[in-house]
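Shown next, in structure tokens, is the structure this report addresses.
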Amino acid sequence: MITLLPVAISMMRGLTLLLIALGSLTATAWSQQADPAEPRGRAVFYATGGCTCHTDVKNQGPSMAGGRPLATPFGNIYSTNITPDTATGIGSWSEADFLRAMTQGTGPDGKHYYPVFPYTSFTHMTRQDLLDLRAYLLSIPPVRQANRPNTLSFPFSWRGSLAGWKWLYLQPGPFQPEAAQSAEWNRGAYLVSAQAHCGECHTPRNLMGGLKASMRFAGATDGPEGQLPPNITPHEATGIGDWSLQDIVWYLQTGLKPDGDDTQGLMSEIIEHGFQHMPEADLRAIAVYLRSLEPIANKVVPKDKEKDE
């Protein structure tokens with residue numbers, strides 16, 4: 001039985017890739033009939049993970065209309081409506097409004113956004129990618145749905161304190177490629193650090209909600225919605241050090257791990273609505289970058305089990 005497992009996994013991979021290829025051909029044929037010039041913003045949208053936090057999947061809410069509760073140690077924050085509705089979404093936002101929100105975490109009314117919205121990563125996106133994303137979001141169906149108020153305890157409910165938080169933790173400015181690295185590595189670094197904002201979930205936070213730079217990508221026990229984002233550094237024992245480049249690409253396409261187990265929760269949504277639609281070259285670039293990170297030993301376990309480890 002054990003000796004047959006690699007064969008079964010190989011067959012599963014082959015079947016899944018065939019289904020992906022057939023789906024891709026079908027989608028391509030449809031798009032050629034409906035809209036042969038797919039906007040660049042759709043590709044950026046997929047690279048962000050499909051903005052899945054802005055859809056209340058559990059309650060079957062309308063796509064991108066917000067209202068999804070994101071549990072944090074400070075209380076619940078509800079995602080916002082990013083459809084082009086002019087009253088409750090971003091339909092009335094100017095180009096400058098959108099850029100300011102994405103790179104500075106500030107709304108058109110001057111209100112500070114909580115860093116559950118990962119503007120600390122989006123700030124590193126290029127201006128063109130941001131504008132392309134805006135163009136795509138303005139093309140989706142508008143939904144009139146008012147944003148829900150957050151339920152945070154004091155003093156975290158006071159948005160004015162976020163000005164100081166940004167001074168400490170927001171480092172604005174577009175991604176700067178490293179001349180000593182390959183174009184593929186730099187592409188992967190840009191996708192991971194900016195568009196896909198992987199570090200926002202896979203890095204633990206301090207008591208003020210700032211990312212712990214020394215534990216970047218080493219996994220966290222305080223992930224969104226109470227989830228446990230795993231260690232994605234190439235540490236052999238506690239990370240993805242035994243994953244090959246193709247294993248990582250395969251995972252981002254299908255949600256299946258090298259051992260045949262499948263991912264669950266928010267990551268499965270991110271793959272389904274985002275990463276699986278990305279070009280394989282981009283997924284490989286992500287894999288190349290992740291494999292180049294410094295390995296960090298950190299086994300992610302629920303906080304209530306840490307004493308038993």
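Every number here is computed from the coordinates shown, using simple stated rules; none is lab data. Quick caveat: nothing in here was measured; it's all calculated off a predicted structure. Glycine gets a Cβ as well: all are built from the backbone with ideal geometry, and neighbour counts include every protein chain shown.
Output yes when any residue across the range 153-170 is in contact with an Asp or Glu (Cβ under 8 Å, 6 or more places away or on another chain) and under 30 Å from PRO84 (Cβ atoms), and no when none is.
No; the residues of the range 153-170 include none that is in contact with an Asp or Glu (Cβ under 8 Å, 6 or more places away or on another chain) and under 30 Å from PRO84 (Cβ atoms).
Using the structure shown, decide if ALA189 is aliphatic (A, V, I, L, M), under 25 Å from GLN276 (Cα atoms), crowded, with 19+ Cβ neighbours inside 10 Å and touching a Phe, Trp or Tyr at 6+ places or on another chain (Cβ under 6 Å). It would help to see each step written out before you state the result.
Details: aliphatic (A, V, I, L, M): yes; under 25 Å from GLN276 (Cα atoms): yes; crowded, with 19+ Cβ neighbours inside 10 Å: yes; touching a Phe, Trp or Tyr at 6+ places or on another chain (Cβ under 6 Å): yes.
When the stated conditions are applied, ALA189 passes them.
Taking the range 205-220 as the search range and keeping residues that are of a type in the set (A, V, I, L, M, F, W, C) and without any contact (Cβ under 8 Å) to a residue 24 or more places away in the chain, which one is nearest to THR120 (Cα to Cα)?
Residues of the range 205-220 that are of a type in the set (A, V, I, L, M, F, W, C), as a first pass: 207-208, 211, 213, 215, 217-218, 220.
From the residues that got through so far, the ones that are without any contact (Cβ under 8 Å) to a residue 24 or more places away in the chain too are 207, 213.
Values: LEU207: 17, ALA213: 13 Å.
Restricting to residues being of a type in the set (A, V, I, L, M, F, W, C) and without any contact (Cβ under 8 Å) to a residue 24 or more places away in the chain, the top hit is ALA213.
Filter the range 203-256 down to the residues that are within 24 Å of TRP185 (Cα to Cα) and basic (Lys, Arg), then identify the one that is surrounded by the fewest Cβ atoms within 10 Å (Cβ to Cβ).
That would be LYS212.
For the range 224-309, which helices (runs of 4 or more DSSP H) that fit wholly inside it have 2 or more residues that are of a type in the set (A, V, I, L, M) and more than 14 Å from the chain's Cα centre (by Cα)?
Per the criteria, 245-254, 280-291.
Within the range 98-121, take every residue that is touching a Leu at 6+ places or on another chain (Cβ under 9 Å) and hydrophobic (A, V, I, L, M, F, W, C) and give me the one that is surrounded by the most Cβ atoms within 10 Å (Cβ to Cβ).
MET102
Could you check the range 58-87 and list, in sequence order, the residues that are in contact with a His (Cβ under 6 Å, 6 or more places away or on another chain) and without any contact (Cβ under 8 Å) to a residue 40 or more places away in the chain?
Listed by number, the list holds a single entry, SER79.
Out of all the residues in the range 177-191, which are of a type in the set (Ser, Thr, Tyr) and either within 20 Å of the chain's Cα centre (by Cα) or under 9 Å from TYR289 (Cα atoms) (or both)?
Scanning the range 177-191 gives a single hit, TYR190.
Filter the range 254-289 down to the residues that are free of Cβ contacts under 8 Å to residues at least 40 places away in the same chain and polar (S, T, N, Q) and list them by number.
Within the range 254-289, THR263, GLN264, SER268 qualify.
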